[in-house]
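Take a look at the structure below.
The values are calculated or read from the model by the stated rules, or taken from the named source; none is laboratory data. Note that the structure is predicted; figures quoted are calculated from it, not measured. Cβ atoms come from the backbone with ideal geometry, glycine included; neighbour counts cover every protein chain shown.
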Amino acid sequence: MAATLIACNNEAPKTAETTGGKEKKSTVSLPYNPVYSSSWSTDVSDEDVSTVLNSYKDWETGNLDALVSKFADTLALSAWDGKNQRVSHADLKKMWQPFRDSLSKVEIKFDGWHKMYATDKKEGYVVLWYKEIDTYKDGRVDSASWHDINQVKDGKISWYSQFRRPFTK
């Protein structure tokens with residue numbers, strides 16, 4: 001009979017609204033602890049989001065001078081091909097210019113983006129999901145889904161990480 005009474009509990013789950021605005025701490029035990037952080041908010045400025053989005057617009061329009069100006073003096077780059085490096089503006093432009101020059105058109109379609117601020121580390125990120133369609137000057141077209149993470153410090157992108165999934169043919 002006690003089991004039936006417990007199973008028939010009609011009490012609504014408690015929410016921030018029903019608990020007077022205070023979030024209840026979870027009692028769920030998770031099997032892992034994060035190495036970096038698990039304390040996140042969306043406290044990233046719209047200016048930082050604009051900097052990141054405009055860097056993609058600069059890539060799309062082929063304005064590499066404007067693009068590299070949005071990065072910190074030294075950028076930590078984790079590229080989609082597995083290469084990790086620290087590069088200056090000049091090195092970044094030298095690395096990206098030949099590829100961008102091989103394209104006649106770049107089209108970027110954003111699926112979405114999210115502001116992420118590590119409250120314990122005091123670091124802001126803009127995470128993006130998008131599709132990029134590259135048309136080469138010889139007529140070939142290459143397209144992929146991308147997931148990028150941009151860390152922004154002092155109004156400049158200081159770390160950029162890319163993940164690429166090609167479209168299947």
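On the given criteria, is Ser50 modelled with pLDDT of 95 or more, outside any strand (DSSP E or B) and of a type outside the set (A, V, I, L, M, F, W, C)? Break it down into steps so the answer makes sense when it comes.
Details: modelled with pLDDT of 95 or more: yes; outside any strand (DSSP E or B): yes; of a type outside the set (A, V, I, L, M, F, W, C): yes.
Against the criterion (modelled with pLDDT of 95 or more, outside any strand (DSSP E or B) and of a type outside the set (A, V, I, L, M, F, W, C)), Ser50 qualifies.
With respect to the numbered conditions (1) at pLDDT 95 or above; (2) over 28 Å from Ser39 (Cβ atoms), which one is the sole condition not fulfilled by Lys169?
Here Lys169 clears every test but (1).
Matching residues to (1) closer than 20 Å to Leu53 by Cβ; (2) of a type in the set (Lys, Arg); (3) in contact with a Gly (Cβ under 7 Å, 6 or more places away or on another chain):
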{"residue": "Ile133", "(1), (2), (3)": "yes, no, no"}
{"residue": "Arg140", "(1), (2), (3)": "no, yes, no"}
{"residue": "Trp146", "(1), (2), (3)": "yes, no, no"}
{"residue": "Val152", "(1), (2), (3)": "yes, no, yes"}
{"residue": "Ser161", "(1), (2), (3)": "yes, no, no"}
{"residue": "Phe167", "(1), (2), (3)": "no, no, no"}
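Specify which of the listed residues (Thr119, Thr168) is within 30 Å of Asp43 (Cα to Cα), among the β-branched types (Val, Ile, Thr) and surrounded by fewer than 17 Cβ atoms within 10 Å (Cβ to Cβ).
On the way: Thr168 fails: within 30 Å of Asp43 (Cα to Cα).
From the options Thr119, Thr168, the qualifying one is Thr119.
So which residues in segment 72-89 are under 20 Å from Tyr130 (Cα atoms) and surrounded by 18 or more Cβ atoms within 10 Å (Cβ to Cβ), if there are any at all? Before the answer, list the steps.
Applying the first criterion (under 20 Å from Tyr130 (Cα atoms)) to segment 72-89 yields 77-82.
Passing the criteria: only Leu77.
Is there a residue in segment 81-88 that is over 25 Å from Arg165 (Cβ atoms) and touching a residue at least 60 places away in the same chain (Cβ under 8 Å)?
Step one: filter segment 81-88 for residues over 25 Å from Arg165 (Cβ atoms), giving 86, 88.
Imposing the further condition that a residue be touching a residue at least 60 places away in the same chain (Cβ under 8 Å) reduces the set to none.
No - not one qualifying residue is present in segment 81-88.
Which of the residues that make up segment 71-123 are within 15 Å of Thr61 (Cα to Cα), of a type outside the set (Asp, Glu) and assigned to a strand (DSSP E or B)? Give the derivation first.
Narrowing segment 71-123 to residues within 15 Å of Thr61 (Cα to Cα): 93, 96-109.
Now restrict to residues that are of a type outside the set (Asp, Glu): 93, 96-100, 102-106, 108-109.
Hits for segment 71-123 are Leu103, Ser104, Lys105, Val106, Ile108, Lys109.
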